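Enquirer: Supplied in structure tokens, the structure appears directly below.
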Amino acid sequence: MKRLSKAFNIVTDVIFFLVMILLVIYIVISFSAKFSNGVPSYFGYSYVRVMSNSMKASGISKGDIVVLKRVYVSELKEGDVIAYYFYDGPSPNFTGQPSENPLDFKTNQEAHKTTIIFHQIASKKVDKDGNTWFKTYGTSNINKITGEIEYDDWWVRADYVIGIY
């Protein structure tokens, strides 16, 4: 009986220390993401709260907490639902004319750079400067008269993408 009790104590101690280590890792990742103006990522996955109803037609409503998977930009395609930081920089340079490169969201601490948007990819292009861009839309943004999706020429640069839904 003593051996069983001693073995039980060892197992519970190991489990306790493993839980404590995971808790410390969670706290470190969360705080480092907060201070770098980013979204915490745990083993390639993040969780984010949805702040609008623009994707309600796809089953993603305001207030939902969704899990995102980090992916390479090359893996993203039309129809994918992505989350990205609000982009208000210059438009994509598809014409070959020189364009100004906006500040990166990670180093620019302006409040609007923390807004996260969920949209579906309509198309993907690479501009003359080598930047990948996604034209996106909210699936709930459908014109009630024509039934067509209203895009508003919404382009986002690939380095603003957080992950795929």
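Computed from the coordinates by the stated procedures, all read-outs in this text should not be read as laboratory data. Keep in mind the model is a prediction, meaning the values are calculated, not measured. All Cβ positions, even for glycine, are placed from backbone atoms using ideal geometry, and neighbour counts span all protein chains on display.
Enquirer: For Ser140, list long-range residues whose amide hydrogen, built 1.01 Å from N in the peptide plane, is under 5 Å from its own amide hydrogen.
Expert: So Ser140 has HN proximity to Met55, Lys56, Ala57.
Enquirer: Enumerate the calculated ³J(HN,Hα) couplings along the stretch 118-134 in order (Karplus 6.51 cos²θ - 1.76 cosθ + 1.60, θ = phi - 60°), each rounded to whole Hz, writing x wherever the residue is Gly or Pro.
Expert: 10, 8, 9, 7, 8, 7, 10, 9, 10, 7, 5, 8, x, 7, 8, 10, 10
Enquirer: Further question on the same structure: Return the distance in nm (one decimal) between the two label points of a simple spin-label model at Asp129 and Ile25, each offset 7 Å from Cα along Cα→Cβ.
Expert: If labels sit at Asp129 and Ile25, their model points lie 3.8 nm apart.
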